[in-house]
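Engineer: Provided herewith is a single structure, encoded as structure tokens, for subsequent inquiry.
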Protein chains: 2
Amino acid sequence: MERTPSHPQVSQFNLQQVLEALVDPVRRSIVAQLDATGEDIACGAFDIAVSKSTATHHFKVLREAGLIRQHYVGTSRMNTLRRTEMDEVFPGLLDALTTPQAQGR
Amino acid sequence: MERTPSHPQVSQFNLQQVLEALVDPVRRSIVAQLDATGEDIACGAFDIAVSKSTATHHFKVLREAGLIRQHYVGTSRMNTLRRTEMDEVFPGLLDALTTPQAQGR
């Protein structure tokens, strides 16, 4: 895997790709955890019950859809929610999916 | 197919099922067309480029997720968007997906 992964620009955000990323409950949980803390989280520090290789796949799908930005700090791959950029292109979408009500359903 | 199809109650709405329904572009288009007209639309009157049997499947998925309500008028199966009920459970979700900006992406 390359050291600095590529990220789509805001102009490349695509609703179909974003929904395909968010339809998976593990990926939705990753987004919700980033949204709840409001801080970067290392790949290994999420509360998700999947193998490391499966998690790596989920992070890749989220990154390629524009939902997260990844960067290294030492040997840790850190994840940032691209909340402002996503809200700019699809206003209300992440709000709707991260309400306690939505997460409880 | 039974004459009066079953519909989930609001208390049964499930985010995973709703997102699985909305991740499909044809189903999203059906929802958007119902939202845009604000009126019931017969199954045969939607602007969708799929076969009748495929369309029937899409309507079933939307109905079972709680996104549409179906009823007969004569021999026509009519579709109603369950907008108010969906907004009550997942506020902002349909708004986010039916903006012109979202549909253009």
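Throughout, read-outs are computed from the coordinates displayed, never taken from laboratory work. These numbers were taken from a predicted model, which means no experiment stands behind them. Ideal geometry is used to build each Cβ from the backbone, glycine not excepted, and the neighbour counts take in all protein chains shown.
Engineer: Taking beta carbons within 10 Å but only from partner chains, what does the mean come to for residues B:12-20?
Structural biologist: Counting Cβ atoms of other protein chains within 10 Å of each residue's Cβ and averaging gives 4.
Engineer: Still on this structure, please answer the following. Test of understanding: in a Gaussian network model of chain A with alpha carbons linked when under 10 Å, which of A:48, A:30, A:68 would top the mean-square fluctuation ranking?
Structural biologist: A:48
Engineer: Starting from the Cα gyration tensor of chain A, take the square roots of the eigenvalues, sort them a ≥ b ≥ c, and report rounded, prolate or oblate (rounded when a/c is under 1.5, otherwise prolate if a/b is larger than b/c, else oblate).
Structural biologist: Oblate.
Engineer: Follow-up question, since we're still on this one. Assume the label is 7 Å from Cα along Cα to beta carbon: what separations in nm does residue B:48 have to the matching positions in the other copies?
Structural biologist: 3.1
Engineer: Next up: What average count of beta carbons from other chains do you get within 10 Å of the Cβ of residues in B:23-35?
Structural biologist: The mean count of partner-chain Cβ atoms within 10 Å per residue comes to 1.
Engineer: By the gyration tensor of its Cα atoms, with a ≥ b ≥ c the square roots of the eigenvalues, what is the shape of segment A:9-63: rounded for a/c under 1.5, prolate for a/b over b/c, or oblate?
Structural biologist: Prolate, because a/c is 1.5 or more and a/b exceeds b/c.
Engineer: Taking a point 7 Å out from Cα toward Cβ as the label site, list the nm distances between residue B:87 and the same residue in every other copy, smallest first.
Structural biologist: 2.2
Engineer: Let me ask something additional. Taking a ≥ b ≥ c as the square roots of the Cα gyration tensor eigenvalues, with a/c under 1.5 meaning rounded and otherwise prolate when a/b beats b/c, else oblate, which class fits the protein assembly as shown?
Structural biologist: Prolate, since a/c reaches 1.5 and a/b exceeds b/c.
Engineer: Just in segment B:1-85: which trypsin sites (Lys or Arg not before Pro) are loop by DSSP and have at most 16 other Cβ atoms within 10 Å?
Structural biologist: B:3
Engineer: Got the relative contact order for chain B handy, in percent, Cα pairs under 8 Å and 6 or more residues apart?
Structural biologist: It comes to 31 percent, rounded to a whole number.
Engineer: A further question follows. At 0.36 nm per residue, minus the direct Cα-Cα distance, what do residue B:103 and residue B:52 gain on full extension? Give it in nm, one decimal, please.
Structural biologist: Contour length minus Cα-Cα distance gives 16.0 nm.
Engineer: Additional query: Nearest 0.05, what FRET efficiency do residue A:42 and residue A:6 give at R0 = 25 Å with Cβ-Cβ as r?
Structural biologist: So the FRET efficiency works out to roughly 0.80.
Engineer: Would you mind pulling out the separation of the Cα centroids of segment A:62-105 and segment A:5-49, in Å?
Structural biologist: So the two Cα centres are separated by 4 Å.
Engineer: Label-to-label distances across copies for residue B:11, with labels 7 Å out along Cα→Cβ, in nm, shortest first?
Structural biologist: When each copy's label point is compared with this one, the spacings are 5.2 nm.
Engineer: Report the calculated FRET efficiency for residue B:75 and residue A:26 (r = Cβ-Cβ distance, R0 = 41 Å), to the nearest 0.05.
Structural biologist: After rounding, the FRET efficiency stands at 0.40.
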